[in-house]
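Undergrad: Below: one structure in structure tokens.
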Amino acid sequence: MPPMRFAIDIAPLGELSDPRASMRLADAAERSGWDGLSIWDSLGLSMGTAAADPFVTLAAVAARSERLRLITSIVAVARRRPQLVVQAAACLDLVSDGRLILGVGAGEDRPDFEAFGEPHDRSVRIARMDESLEIIDAGLRGRELDHSGEHLVAVGARLGPRPAQRPRPPMWLGALRPAGVRKAARWDGWIAVAMSEDGSTMSMTPDDLAGQVSIALDERQTLGMAGDPFDVAVLGVAGRDGASVAGFSDAGATWWLESLSPMRGSVDELEAVVLAGPPRSG
């Protein structure tokens, strides 16, 4: 089994909504042995605050770093135009020399949808996500788009520029339920959120993760993809509620995304966490 890799995961809300805060934390991560930086896609409305755009922020991080993988965790594709996601992701992959990992999902925060007249109904969000992923996958591969669905249409267009990674950057799907994990198995990875909604406690144990990983691997076996690389990224706080990074690694995780949010502390306090380095032991 390959060694686990470590990223800082930034909730770009409140004080962290200034992209320069993420740039500062990226500088610390690059110096301290972290492997990547991931960032949420939120408008901040559910928390009554502002939020930084993930693509713009990661482009700034790309310019300030040389080796950090740049991870979206996750792009809420149910409320974004897929053609614009293709355009932004391809450009970000190019300016970072192929360091993008495109984490995607349906999106959850109700106000981010309803404030702009977008439907928040779960079935609609999932359907829009499924259609969007088909378009994003094809667009990043440089294929001419041919999609006419219930919610989205993309016909006769070929998008550019092409990303640096071929056939496209890795796509990880964020999911919590078994059906979503099976859906994630069709892509290049799965993002598992192991934190409670308010970020105060861990909501997943290594045993929980192992059960879900088994579902994903069984699905990949059925799809004939068992031999292809598949990442499992766990978003949590090392040591909180006894959370053992080694335990999650043994359960099948390949990435640990260390959660950094304004609820955890100031930018100064979060920078100190980053400078302490990845939780490679324990």
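Undergrad: How about region 200-282: which helices (runs of 4 or more DSSP H) wholly inside it have at least 1 residues that are open to solvent by less than 20 Å² (accessible area, probe 1.4 Å) and within 22 Å of residue 178 (Cβ to Cβ)?
TA: Those helices (runs of 4 or more DSSP H) span 206-222, 245-250.
Undergrad: Quick one: how many residues across region 5-28 are small (Gly, Ala, Ser), in contact with a Ser or Thr (Cβ under 8 Å, 6 or more places away or on another chain) and in a helix (DSSP H, G or I)?
TA: The total comes to 4.
Undergrad: Among the residues of region 1-26, which ones are farther than 26 Å from residue 189 by Cα and not hydrophobic (A, V, I, L, M, F, W, C)?
TA: Those that are farther than 26 Å from residue 189 by Cα and not hydrophobic (A, V, I, L, M, F, W, C): 14, 15, 17, 18, 19, 20, 24.
Undergrad: Return the residues of region 175-199 that are open to solvent by 30 Å² or more (accessible area, probe 1.4 Å), out of contact with any helix residue (DSSP H, G or I) (no Cβ under 6 Å at 6 or more places or on another chain), over 19 Å from residue 10 (Cβ atoms) and not charged (D, E, K, R); say none if nothing qualifies.
TA: Residues satisfying the conditions are 176, 179, 187.
Residue by residue, here is whether (1) over 15 Å from residue 235 (Cβ atoms); (2) over 14 Å from the mean Cα position of the chain (by Cα); (3) open to solvent by 10 Å² or more (accessible area, probe 1.4 Å) holds:
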{"residue": "7", "(1), (2), (3)": "no, no, no"}
{"residue": "15", "(1), (2), (3)": "yes, yes, yes"}
{"residue": "20", "(1), (2), (3)": "yes, yes, yes"}
{"residue": "35", "(1), (2), (3)": "no, yes, yes"}
{"residue": "44", "(1), (2), (3)": "yes, yes, no"}
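Undergrad: If you scan region 174-201, which residues turn out to be among the hydrophobic types (A, V, I, L, M, F, W, C) and touching a Gly at 6+ places or on another chain (Cβ under 6 Å)?
TA: Hits for region 174-201 are 191, 194, 195.
Undergrad: Among 162, 122, 64, 141, which is in contact (Cβ under 8 Å) with a residue 60 or more places away in the chain and open to solvent by 30 Å² or more (accessible area, probe 1.4 Å)?
TA: Exactly one of 162, 122, 64, 141 is in contact (Cβ under 8 Å) with a residue 60 or more places away in the chain and open to solvent by 30 Å² or more (accessible area, probe 1.4 Å), namely 162.
Undergrad: Moving on. Condition test on residue 88, is it in contact (Cβ under 8 Å) with a residue 24 or more places away in the chain, farther than 30 Å from residue 208 by Cβ and surrounded by fewer than 17 Cβ atoms within 10 Å (Cβ to Cβ)?
TA: So residue 88 fails the test.
Undergrad: While we're on this one: Quickly run through region 102-115 and pick out the residues that are over 25 Å from residue 170 (Cβ atoms), in contact (Cβ under 8 Å) with a residue 24 or more places away in the chain and open to solvent by 60 Å² or more (accessible area, probe 1.4 Å).
TA: Residues satisfying the conditions are 110, 115.
Undergrad: Another one. For region 214-245, name all the residues that are under 21 Å from the mean Cα position of the chain (by Cα) and among the aliphatic types (A, V, I, L, M).
TA: Within region 214-245, 215, 216, 217, 232, 233, 234, 235, 237, 238, 243, 245 meet the criteria.
Undergrad: Okay, next question. Please go through region 148-159 and pick out each residue that is closer than 16 Å to residue 85 by Cα, surrounded by 13 or more Cβ atoms within 10 Å (Cβ to Cβ) and under 26 Å from the mean Cα position of the chain (by Cα).
TA: 152, 154, 159
Undergrad: Somewhere in region 254-270, is a residue over 24 Å from residue 16 (Cα atoms) and in contact (Cβ under 8 Å) with a residue 12 or more places away in the chain?
TA: There is at least one residue in region 254-270 that is over 24 Å from residue 16 (Cα atoms) and in contact (Cβ under 8 Å) with a residue 12 or more places away in the chain.
Undergrad: Which ones in region 174-218 are among the β-branched types (Val, Ile, Thr) and under 29 Å from residue 262 (Cα atoms)?
TA: Correct list: 181, 191, 193, 201, 205.
Undergrad: What residue, among those in region 96-140 that are of a type in the set (Asp, Glu) and outside any helix (DSSP H, G or I), is nearest to residue 186 (Cα to Cα)?
TA: That would be 108.
The values are calculated or read from the model by the stated rules, or taken from the named source; none is laboratory data. Since the model is a prediction, treat every value here as computed from it, not as a measurement. When we count neighbours, we look across all protein chains shown, and the Cβ atoms used for this are built from the backbone with ideal geometry, even at glycine. For the accessible areas, the whole protein counts, side chains as well, though only heavy atoms, and no ligand, DNA or RNA atoms are used. Shrake-Rupley method; radii C 1.70, N 1.55, O 1.52, S 1.80 Å.
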